[in-house]
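The values are calculated or read from the model by the stated rules, or taken from the named source; none is laboratory data. Note that the structure is a prediction, hence the values are computed from the model and not measured. When we count neighbours, we look across all protein chains shown, and the Cβ atoms used for this are built from the backbone with ideal geometry, even at glycine. Accessible surface is based on the protein model in full, side chains and every heavy atom, while ligands, DNA and RNA are left aside. Shrake-Rupley method; radii C 1.70, N 1.55, O 1.52, S 1.80 Å.
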Amino acid sequence: MSILTLREFHPFTASDADFLYLVPSAAIFQLDPAATAILARLGQGDMPADDLVRELSARFSVAELQETVEELVRIRAIGVTGVPQEPAVRQMPPPDFPLTTMVLNVTNQCNLSCTYCYEYGEDKIVDTENGKQAKFMTEETARASVDFMLREARDNRMAHLTFFGGETLMNLPVLKSTIQYARERAREVGKEVDFSLTTNATLLRPDVIEFLAENHVGVTISIDGPKEVQDQFRVFHNGTGSYEVVAPKIRELLRRHRTRPVGARVTLTSHDLDVRKIFLHLTEEIGFTEVGFAPVTTAPNRKYAIADEGFDTMLEQFRGLAGDFLQAALQNRHHGFSNVKDTLEEIHKGVSKPYPCGAGLGLMGVSTDGDVALCHRFAGSDQHKLGTVRDGIDRLVQIGFLEKHHIDDKTDCARCWARPLCSGGCYHEAYTRYGESAHPNLHYCEWIRGWTDTCLKIYGELAVRNPRYLEQFDDKVEYETSQVN
């Protein structure tokens, strides 16, 4: 006799409808009343299929129940005890996986002295002041990096090049010459290059803004909010706050640079978790169309570190702003809370990741002297080096990293329903917090689960009430760079 049992899924309700988020396939199904009743009954304990059908036959026809059971087994929402599931296949990327985004650290110097900075603050992993790394990338190294990127892009027509620092615009001459060189080389090999950069906005002179606009360079501004928030940590070396300097420059950039959306990237600390206040200031008073938030990356004993109760507050704040996003989306209006939109896209595409991001795979960071690292946050770290732009990638080192950091080997994550989207969390966050890049980011597990559940419910609301909104994610066949921070 077939004994039915529940498999791995996360149930949620949206727009008075019941849904399942299946793990690990990341598929979403809307349930009919019969399916809801079957799962509710099995939630009380395993039982024979015949007994289940008999118990529910007063509410549903036998044929409907049997058909629904078969469907739930097929999608692996339920299973049959004693019948082993097909073993999960360990998903490993092919050896010729293309490089899609290269982050070029054109300088490791900065004209600000942000207290919480992972590159220069208390938690830095590379000595950017006295270490062996060059402080500024040379034009020769930048050109070698472009050649490396186009070579490693393999058959991809589009390559994404993001300029980073330190403060990126401190090496403006190399940035300019690299864009010109990359365009020329891309034409020669039949490719295109998409350009973007991250900046603190202090060096956005009129001529710089004109250059960025004319060359269609995507821009992300690192800014934490209104003056009283920005000036807590984002200060010059003499301790002076940066808000009064950057605000007019950003407004001018937004006025002139309309070829691509300009995004804001906010670092949240324990000192201010008022997400709505920050968002409204940056969108309504400054003029950004997109704002993304991230908790500060730091050791737990820092005064600005976010503790457990802080993550609870942050989740509550995110949920409030996500509600505004939902109302706008239902009316086909734009809302710039990019954390929601990015997660909705992953949900819509059924993303189930063996790795939390593309670091060491489709995304790599290049240090000022041409060393290739897992990502820009590890640029210059010998411990996280994968090769050089001149000699290429050491495939044995890369494969070893990918094997070690696979989600299947993170035992703390093995039964978490949110693992298809989280996959253990940021490597750099783990290294800073636990001293090991392969360590799951256990300090924000509840936050991730809560936020993923919120986004699933928004997705369900849109699927029922305005499904056309979700069609925008169908057309995005090219990899798009997210905010690099």
Quick test for you: out of LEU326, LEU315, LEU344, pick the one residue that is in contact with an Asp or Glu (Cβ under 7 Å, 6 or more places away or on another chain), assigned to a helix (DSSP H, G or I) and on the phi < 0 side of the Ramachandran plot. LEU326
Suppose the filter is of a type in the set (Lys, Arg) and out of contact with any Lys or Arg (no Cβ under 9 Å at 6 or more places or on another chain); does ARG419 pass it? no
Just a yes or no: is a residue in the stretch 393-410 open to solvent by 40 Å² or more (accessible area, probe 1.4 Å), in contact with a strand residue (DSSP E or B) (Cβ under 6 Å, 6 or more places away or on another chain) and at pLDDT 95 or above? yes
Let me confirm something: among SER352, SER381, which residue is hydroxyl-bearing (Ser, Thr, Tyr) and over 18 Å from the mean Cα position of the chain (by Cα)? SER381
Which of the residues that make up the stretch 418-467 are of a type in the set (Gly, Ala, Ser), in contact (Cβ under 8 Å) with a residue 60 or more places away in the chain and crowded, with 21+ Cβ neighbours inside 10 Å? SER423, GLY424, GLY425, SER437, GLY460
Scanning the stretch 3-56 residue by residue, those farther than 25 Å from GLY350 by Cβ, touching a residue at least 60 places away in the same chain (Cβ under 8 Å) and open to solvent by 20 Å² or more (accessible area, probe 1.4 Å) turn out to be ILE3
Could you tell me whether ARG234 is assigned by TED's automatic domain parsing to the domain that holds GLU252, under 24 Å from VAL296 (Cβ atoms), among the basic types (Lys, Arg) and modelled with pLDDT of 95 or more? yes
Which one of these does CYS117 not meet: (1) open to solvent by 50 Å² or more (accessible area, probe 1.4 Å); (2) assigned to a loop (DSSP other than H, G, I, E, B); (3) without any contact (Cβ under 8 Å) to a residue 60 or more places away in the chain? (1)
Here are some residues: GLU71, GLU139. Which one is closer than 30 Å to GLU184 by Cβ, surrounded by fewer than 17 Cβ atoms within 10 Å (Cβ to Cβ) and of a type outside the set (S, T, N, Q)? GLU139
The correct count of residues that are out of contact with any helix residue (DSSP H, G or I) (no Cβ under 9 Å at 6 or more places or on another chain), exposed (fewer than 13 other Cβ atoms within 10 Å of the Cβ) and either without any contact (Cβ under 8 Å) to a residue 60 or more places away in the chain or of a type in the set (A, V, I, L, M) (or both) in the stretch 74-95 is 7
Sort out which residues of the stretch 281-321 are under 16 Å from THR432 (Cβ atoms) and more than 21 Å from the chain's Cα centre (by Cα), and write them in order of number. PRO300, ASN301, ARG302, LYS303, TYR304, ALA307
Qualifying position, being in contact with a Pro (Cβ under 7 Å, 6 or more places away or on another chain) and within 29 Å of ASP453 (Cα to Cα), among PRO24, PRO11, PRO33: PRO24
Verdict on LEU254 being under 26 Å from the mean Cα position of the chain (by Cα) and over 24 Å from SER196 (Cβ atoms): no
